[in-house]
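This report concerns only the one structure given below.
The values are calculated or read from the model by the stated rules, or taken from the named source; none is laboratory data. For clarity, every value in this text was computed on a predicted model and none was experimentally measured. Cβ placement follows ideal geometry from the backbone for every residue including glycine, while neighbour counts extend to all protein chains displayed.
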Amino acid sequence: MTDFLYENVIFRLIYCNLSGSSDKCVNEYGYVQGIFPAGFEWLAFLLAGFLLAFIFINGILGAVILSIWGERRLYGRFQNRLGPNRWGPWGLFSSVADAIKVMFKEDVVPSDADRLLFNIAPILMVFPVFMIFSVIPMGIGTFVVDLNVGLLFILSVTSMSGLAVVIAAWASGNRIAIFSGLRAVAVLISYEIPMALSLVGVLMFAGTLSLGGIVEQQKIPFILLQPLGFFVFFLASLAEINRTPFDLTEAESELGAGYLNDYSSMKFGIFFLAEFAATIGSSAIITTVFLSGWKGPDILPSQFWFLLKLVIVLIAIVWVRMSWPRLRIDQILELAWKGLFELTLINIVATAILVTIWPNPTMGEIWIMAGINWLVAIPSVIVVGKVLRRKDNKTIQAGRDNEPYPVGTETLAPSLVNKVGEK
């Protein structure tokens, strides 16, 4: 077995207990004997890999259920209402009830839909989300695999969501769904660019694409060293995962549920699962890249610190949702191309200059770099905000100089107006 797999605590625990005859398990980790006899290491390897994937996938599903419950409770706090509180203590089982209800709803497929694409789209939406979690270190030795190009892997995998949106919209055979899908893809493509560029400064400081390596290189959290990068990445993440104020795919006034209009039962549930799992995945990436991941005082396990930071980011996302209204499509695209893109360029130039001056910074120099980056970030955000701010619309006062707003009947032919008056 490859040596790097032994670094995974969960995989090593399962594999060495199944196959204790492995030389590395016996010599380095003190295992005496396993369940399987010598010669069955291959079977232990397959079972350990299967159980590791099973634990992570079901952990994600459980996290989604808890996330839905937590968001609804926070919505109740923000909006001064109770939230779910009927089934289970504090309403903990409400999300379970919702999941069961979705499973037993009727699965309706439109007659004009492309059945093959219609059924594949939900899978394409949720599959990349599970792949993201495979490279995120959730603690010391708690990961599926530590890729040396983990950050690049995440950026590549998340781009598949745009394809899933287009397929779902096109397969429905519904014009409203197609409009929503095309609008969503425009947003996804626009925000992928500033999202990727916002991480360039992190790579300059860390010198590696491995997420585990990025965590190790954070002597102080990169949110202090890269405030502009964090600001852009956070907003771009909200747009990529279809969260308020960027949730243009679901607009009750003109699109209804958007590209999900024609989905029902568990297919709709899978899209719903993908959205909440993507929110958790995005929060996990922010925690890893900008909040020093699992690092924290040794008095508690590293997994605790990772989960604590993850929950804080999730609460911040809910806070944004409860505080900001939905933006228009032109405002969203303008923010991406005329705001965030420019901020990433400023961040890259400032970071490149600092890294050139201090290629191997001491702790004091790191704090100086952080202060300089904050001095660059705050004025940059203010200036870009002023550039993007539109002029206030002039309020039209009713008076003699203003023409009255025309009534619909005034635009009709006189003969039609007379007939309407007679009736």
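Summary of values
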| read-out | value |
| --- | --- |
| Test: residue in the range 99-118 that is closer than 29 Å to residue 286 by Cα, outside the structural domain of residue 150 (by TED's automatic domain parsing) and more than 16 Å from the chain's Cα centre (by Cα) | yes |
| In the range 298-344, the residues that are of a type outside the set (Lys, Arg), touching a helix residue (DSSP H, G or I) at 6+ places or on another chain (Cβ under 6 Å) and closer than 20 Å to residue 133 by Cβ | 310, 313, 314 |
| Those residues of the range 181-235 which are under 26 Å from residue 319 (Cβ atoms) and of a type in the set (Ser, Thr, Tyr), in sequence order | 190, 191, 198 |
| Tally of residues being closer than 22 Å to residue 273 by Cα and crowded, with 18+ Cβ neighbours inside 10 Å across the range 38-55 | 1 |
| Among residues of the range 173-203, those that are over 20 Å from residue 236 (Cα atoms) and touching a Leu at 6+ places or on another chain (Cβ under 9 Å), counted | 3 |
| Residue that is modelled with the lowest pLDDT [pool: residues in the range 163-202 that are of a type in the set (Gly, Ala, Ser), within 16 Å of the chain's Cα centre (by Cα) and under 20 Å from residue 343 (Cα atoms)] | 190 |
| Residue in the range 108-137 that is surrounded by the fewest Cβ atoms within 10 Å (Cβ to Cβ), counting only those that are of a type in the set (Phe, Trp, Tyr) and closer than 28 Å to residue 215 by Cβ | 127 |
| Hey, residue 93 without any contact (Cβ under 8 Å) to a residue 12 or more places away in the chain and under 27 Å from the mean Cα position of the chain (by Cα) or not | yes |
| Residues being closer than 11 Å to residue 284 by Cα and of a type in the set (Gly, Ala, Ser) - total across the range 298-312 | 0 |
| Conditions (1) within 21 Å of the chain's Cα centre (by Cα); (2) at pLDDT 90 or above; number of the one not met by residue 205 | (1) |
| Among the residues listed as 270, 280, 299, the single one being within 15 Å of the chain's Cα centre (by Cα), assigned by TED's automatic domain parsing to the domain that holds residue 181 and not small (Gly, Ala, Ser) | 280 |
| Output for the range 359-390, where each listed residue is surrounded by fewer than 13 Cβ atoms within 10 Å (Cβ to Cβ) and not in a helix (DSSP H, G or I) | 359, 360, 362, 389, 390 |
